[in-house]
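These notes are about the structure you will find just below.
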């Protein structure tokens, strides 16, 4: 008799193939996280600056803030993509 643990280890979840809708969802989630981080980070500009010229609105947004917000955006995006994929929407 096969135990349920072995059956759970042998099953592979179905994931969504990379396509344009997955890319659009990930881009939107990253932009959403950057927008939230722009107003939620209490002491911006503590680390190094971005290596590109930036407009006055983003003058205090540095490299550390960009990496932190896009990391959060990828976590949110992966959750949304996996959830929509398992629901059969993607």
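What the Cβ-Cβ distance of residue 19 and residue 74 gives, at R0 = 22 Å and to the nearest 0.05, is a FRET efficiency of 0.80.
Between residue 63 and residue 82, the contour length at 0.36 nm per residue exceeds the Cα-Cα span by 4.0 nm. Calculated FRET efficiency, residue 35 to residue 89, Cβ-Cβ distance, R0 = 22 Å: about 0.35 to the nearest 0.05.
A short reminder: the numbers here are calculations on the coordinates, not readings from a lab. Small disclaimer: the values here were computed from a predicted structure and weren't measured. All Cβ positions, glycine included, derive from the backbone under ideal geometry; neighbour counts span all protein chains shown.
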